[in-house]
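First up is the structure itself, then whatever we jot down about it.
Please treat every number below as a calculation from the coordinates, not as lab data. What you see is a predicted model, and the numbers here were worked out from it, not measured in a lab. A quick note on method: Cβ atoms are made from the backbone with ideal geometry, for glycine too, and the neighbour counts reach across all protein chains shown.
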């Protein structure tokens with residue numbers, strides 16, 4: 001009887017299963033030596049495989065992965081080369097009537113880039129949280145810098161902010177995604 005099991009694609013780099021993720025595409029196209037990468041990362045292959053398969057990771061873990069890959073390859077890398085933060089989606093214009101532009105009072109302010117953006121754009125945190133599909137409490141932790149958010153949470157927050165502001169907001173404008181990130185802020189504070 002012929003073998004009818006689905007054939008999985010095997011990458012030429014260390015003969016591993018290729019996952020349809022940006023991280024694994026990067027691993028294959030860059031030709032990065034996986035054992036050296038794992039050594040620089042301080043992680044086992046078994047621990048790294050779920051990341052390659054697309055498991056959601058914290059921003060802190062994503063930054064560690066990016067820095068380790070940069071050390072192995074000997075060049076600075078952008079986090080978006082390895083992880084999908086939703087930045088490739090063009091910013092949309094704000095939906096009419098979705099938010100009111102007014103000065104906010106009565107809430108605590110935090111000295112974080114995200115909080116400064118909320119103030120500059122006069123966005124209510126509850127609105128951003130609702131648009132992102134996360135709880136206000138989760139958004140508060142991210143806003144205050146008390147949590148290392150997961151990539152999926154960052155993707156949701158960036159998408160919500162882009163939708164509400166209509167501006168091309170970048171991850172590196174709001175979150176510390178690791179060393180070697182050299183991006184210009186694509187919009188000025190006077191817009």
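Extension gain for residue 53-residue 84 works out to 9.9 nm (0.36 nm per residue, less the C-alpha to C-alpha distance). For the pair residue 25 and residue 152, a Förster radius of 30 Å applied to the C-beta separation gives a FRET efficiency near 0.95, rounded to the nearest 0.05. In this label model, residue 141 and residue 111 are separated by 2.4 nm, measuring between points 7 Å along each Cα→Cβ vector. Protection proxy ranking, highest mean first, for peptides 71-81, 148-158: 148-158, 71-81, where packing is the per-residue count of other beta-carbon atoms within 10 Å, averaged.
Arranged from fewest to most other beta-carbon atoms within 10 Å of their beta carbon, 60, 115 become 60, 115.
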